[in-house]
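Only one structure is covered here, and it is reproduced in the block below.
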Amino acid sequence: MKRGGGIVARMIYISFGMLKSASTMLYQLTEEALRAAGRRPLVLGPPLRPRFSTTNYFDQIDPALIARIQAEAAGRDVVLKTHQRPHPDVAAMIASGQIMASASIRDPREIALSMIDHGARSRRWGIAEFSECAGPADCLPSIDQQMESLAQWAAVPGVRVHGYNAICFGTARVVRDIAQQAGLQIDAAAIAARFAGGRGVGQFSKGQAERWREMDEATSSAFLARYADFHRDYGWQLHAGLPANGASNHRTAKGQLRQVAVDLYRLAQIRLR
C-alpha cells in the first residue's frame, strides 16, 4: 500500500492484553499466523524499539507512533502489543478498519495470583517489575487500571476479545479467529502445535487452568464482588477453551533463567526470518 509516494505498512494489528492474560502468547500467535500466510511481520528495532527487542511493545500507541511505524515498515505487516488504553484517534482507525486489534482477558483472581508469583521472582532477582505484589490486595490498583483499559478497548468496534483459557488451551480456535479477522489462509492446528507445552512463549508463567481455585474463599469472594460486572460481561469467554478436568497443557515456569532462554530463542528465530 502506498501513501504520499512512500511505501507504508501492509497491515498494523494491535494486541492489547490485560496483565497476565497470555497477552504475549496472543501477540506471538498473531505474528505466526501472518508468517504462515507468507507475510513477514516486522519486529521493530532502533529507533522505535531496543536493538535486541523480541516484542513490539509500546505503552502508548498514538497516531504519531502509527505514522512512524508506517514509514519504518516499508510494506510489511506490524503487530504491536500494549497493556494501556487506546488513544481515541487510534480507536477510530480500528473502528474504520484501517487497523485491526484484539484483546486478551483473564479472571482477575488468576491475574492476582500470577502477579504475586512474578513479584516473588522479581524480589528474588532484585527486579522492580511486580515486586510490590506480595499479596492479593497489592494487585488491586493494577487490576483496576486494566479493567478501565479493557472497557475502552472492548467498546471499539472490530476488537476481538479472547480469554486466557482459549489462548492457552484452545489455541487452534483462537488462531482460526485471527486468520478469519485478517483474511489469512493458514493451518491453524499446525501453528497451535508449535506453542504446545509453552514452547517459545515469551514472558511465560505457569500456564495453568483455573488457578482461581488456589485462592482462599474469603479473598475469592471479595474479588468476585469487586469485579462482578467483568464476570457478568465476559463469563463465557473466561471458561471457553478450558481443558478436561482443568488440566494444564503447559509446563510450570522455571523462573527468570528460563525467561532469558526463551527470549534468546525468540531473538534467534526472529532474526532468521
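Nothing in this text is a laboratory measurement; each read-out follows from the coordinates by a stated rule. Note that the structure is predicted; figures quoted are calculated from it, not measured. For neighbour counting, all protein chains shown are included, and Cβ atoms are generated from backbone atoms with ideal geometry for every residue, glycine included.
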Label-to-label distance, nm, for residues given as Asp59 and Ala137 (7 Å Cα→Cβ offset): 2.8 nm
Gain on full stretching of the segment that runs from Arg124 to Ala154 - 0.36 nm per residue minus C-alpha separation: 7.2 nm
HN-Hα J in Hz across segment 151-168 - Karplus 6.51, -1.76, 1.60, θ = phi - 60°, x for Gly and Pro: 4, 6, 5, 5, 7, 7, x, x, 7, 8, 9, 10, x, 3, 5, 5, 5, 7
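How much FRET efficiency would the formula 1/(1 + (r/R0)^6) give for Arg68 and Arg232, where r is the Cβ-Cβ distance and R0 is 45 Å, rounded to 0.05?
The computed FRET efficiency comes out at 0.70.
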Three-way shape call for segment 1-127 based on the alpha-carbon gyration tensor, with the a/c threshold at 1.5: prolate
Per-residue Cβ neighbour rank within 10 angstrom, fewest leading, Phe58, Phe16, Phe230: Phe58, Phe230, Phe16
